[in-house]
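These notes are about the structure you will find just below.
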């Protein structure tokens, strides 16, 4: 149960969106993320939260490296694609131009404003999302841009419904 007015308050904040990509053991994953923030100036850290319902979360459990792409207002269709399909039954990278870092992280060519990060820790506080705190390894900026915001994809139907966001998921066996 959410606090009265929280949705309205957060809707007014209208945070920018990111696309997080990663891979583990040859399995690529990526999803649209609304919860994220710079977490430290020195050293440079960034946090992002992944839904436990997402395929990206399950891959992230086995990954230490991620790309955090910052879509612009011109990238709404690509952001919608990463937010409305489940990687459990779709190869989100099929047909897309991307390169791969030495750590296997897919970098979306169409989204050149990005951070490459290395996981420091993952916090599961019992909610439906987990927080990853990461060390910024590199920053790539193609120039000044206007970030894509949540209100610009307000009619997005997520690849997983809120009822699929397990609070206590099954972790893959090691």
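The values are calculated or read from the model by the stated rules, or taken from the named source; none is laboratory data. Just so you know, these numbers come straight off a predicted model, no measurement behind them. Neighbour counts are summed over all protein chains in view; Cβ atoms, including those assigned to glycine, are modelled from backbone coordinates with ideal geometry.
Structure data summary
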read-out	value
Residue list for region 42-63, restricted to those being touching a residue at least 40 places away in the same chain (Cβ under 8 Å) and either more than 14 Å from the chain's Cα centre (by Cα) or in a strand (DSSP E or B) (or both)	43, 44, 45, 46, 47, 48, 49, 50, 51, 62
Residues located in region 73-82, provided they are within 23 Å of residue 139 (Cα to Cα) and buried (at least 18 other Cβ atoms within 10 Å of the Cβ)	75, 78, 79, 82
Region 89-111 - residue that is part of a loop (DSSP other than H, G, I, E, B) and within 15 Å of the chain's Cα centre (by Cα) and, of those, farthest from residue 49 (Cα to Cα)	93
Pair list, Cβ < 8 Å and 6+ apart or interchain, from region 92-103 residues that are closer than 13 Å to residue 82 by Cα to residues that are assigned to a loop (DSSP other than H, G, I, E, B) and at pLDDT 95 or above	96/109; 96/110
Tabulated pairs, region 111-134, first on the phi > 0 side of the Ramachandran plot and touching a residue at least 40 places away in the same chain (Cβ under 8 Å), second in a loop (DSSP other than H, G, I, E, B) and loosely packed, with under 14 Cβ neighbours inside 10 Å, C-beta under 8 angstrom, 6+ apart or interchain	126/167; 126/168
Flag if residue 130 is surrounded by 12 or more Cβ atoms within 10 Å (Cβ to Cβ), assigned to a strand (DSSP E or B) and more than 13 Å from the chain's Cα centre (by Cα)	no
Qualifying positions in region 11-41 - part of a helix (DSSP H, G or I) and free of Cβ contacts under 8 Å to residues at least 24 places away in the same chain	12, 13
Any chance residue 11 is surrounded by 14 or more Cβ atoms within 10 Å (Cβ to Cβ) and either touching a helix residue (DSSP H, G or I) at 6+ places or on another chain (Cβ under 8 Å) or at pLDDT 85 or above (or both)	no
Enumeration of residues in region 64-87 that are within 18 Å of residue 105 (Cβ to Cβ), touching a residue at least 60 places away in the same chain (Cβ under 8 Å) and in a helix (DSSP H, G or I)	82
